[in-house]
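This report refers to the structure that appears directly beneath it.
Please treat every number below as a calculation from the coordinates, not as lab data. Not measured: the values here are computed from a predicted model. Cβ sites come from the backbone with ideal geometry, for glycine too, and all protein chains shown count toward neighbours.
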Amino acid sequence: MREVITHSGTILLNIMTEARQRTATPAASLNGDWLTIERLRNLLNVRKPSEGEAASSLYLRPNETAQSSEWRERLARLGKAPEESGCGLVCLRGRDQVLVIAPPFPVTESSQHDDWNEAPMWSLLDAERTVGVVLVRLGRYSVAVYRGADLATSKTDSRYVKGKHHAGGTSQLRYTRVREGQMRRLYVKVCETIRAQFEPVAAELDHVILGGEKFTLNGFLKVCPRLGEYKGITLKRRLNIRDPKRDTLDDLGSTLHESRVWALDW
């Protein structure tokens, strides 16, 4: 806000564009931030170099490394974090800064360019995809199918599971058996729901993404053979969803398309 004095008195003028503040993230502050497509587009518009300025681009498929020693050295500064999503990397250098982007979906072709080349990335992000989502936490789950960012079908339900019991002796053993039985019934129900939600669109699914609480999700993966049918299209990335419920699914379509972004000096 800025105060301006006029003949009619004091007027407060809002000279800051709030939308730009919300969407244009300064590159220097990025350290694995999750950006929506809109925020990423605004960031690249700000960081794109002018004609004649130093620029280059690098695209890496999952599990591939840069052939250029310069790019390898820059990426090594970030450690293993950018590779955790398992979707490859998009790297854009403009002037003396580099943006390293872990996209939400796998890079399909590795390449290196002597200019700032966003085109392959936008082809990746703008593609219309059908994505299956499985969210599991203790006592609650959601299974959904998205077409683009829109929720197409979903099923959310809950099954009571006892919390942890800290007493010892036979009481502890009995309690543990009851709890394990409840968790197994939850897993079976989720597996049945996956069949009901995914089977009608199985031929259309491009990817499956899992999320929820890590311990519960790992237990579920051990006992659900149905999910094994989608192993080839299940992404490595995990959605950190605290509470799988219907309201959560309404906002999840945008989250599915978020990219993780780092910035570093060239």
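Quick look at the values:
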{"quantity": "In Hz, Karplus ³J(HN,Hα) per residue of the stretch 253-266 (6.51, -1.76, 1.60; θ = phi - 60°; x = Gly, Pro)", "calculated": "x, 5, 4, 4, 9, 6, 10, 9, 10, 10, 10, 8, 6, 6"}
{"quantity": "Sequence of 110, 50 once ranked by neighbouring C-beta atoms within 10 Å, starting from the fewest", "calculated": "50, 110"}
{"quantity": "Long-range HN-HN contacts of residue 234 with modeled amide H, under 5 Å", "calculated": "208"}
{"quantity": "Cβ crowding within 10 Å averaged over residues, with 135-147, 189-201, 226-238 ranked highest first", "calculated": "135-147, 189-201, 226-238"}
{"quantity": "Calculated from backbone phi, Karplus (6.51, -1.76, 1.60) coupling profile of the stretch 212-229 in Hz, x at Gly/Pro", "calculated": "x, 8, 4, 4, 5, 5, 5, x, 5, 4, 6, 10, 10, x, 4, 5, x, 5"}
{"quantity": "Hz values of 3J(HN,Hα) by residue in the stretch 242-250 - Karplus curve (6.51, -1.76, 1.60), Gly and Pro given as x", "calculated": "6, 9, x, 8, 4, 5, 4, 5, 4"}
{"quantity": "Computed E for residue 29/residue 73 - FRET, C-beta separation, R0 22 angstrom, nearest 0.05", "calculated": "0.45"}
{"quantity": "Gained length - residue 265 relative to residue 65, 0.36 nm times residue gap less alpha-carbon distance", "calculated": "70.0 nm"}
{"quantity": "Pairs beyond 29 Å (Cα-Cα), from 80/214; 155/214; 80/155; 80/189; 48/245; 48/231", "calculated": "80/155; 80/189; 48/245; 48/231"}
{"quantity": "Sequence-distant residues sharing a close amide H with residue 30 (under 5 Å, placed H)", "calculated": "263"}
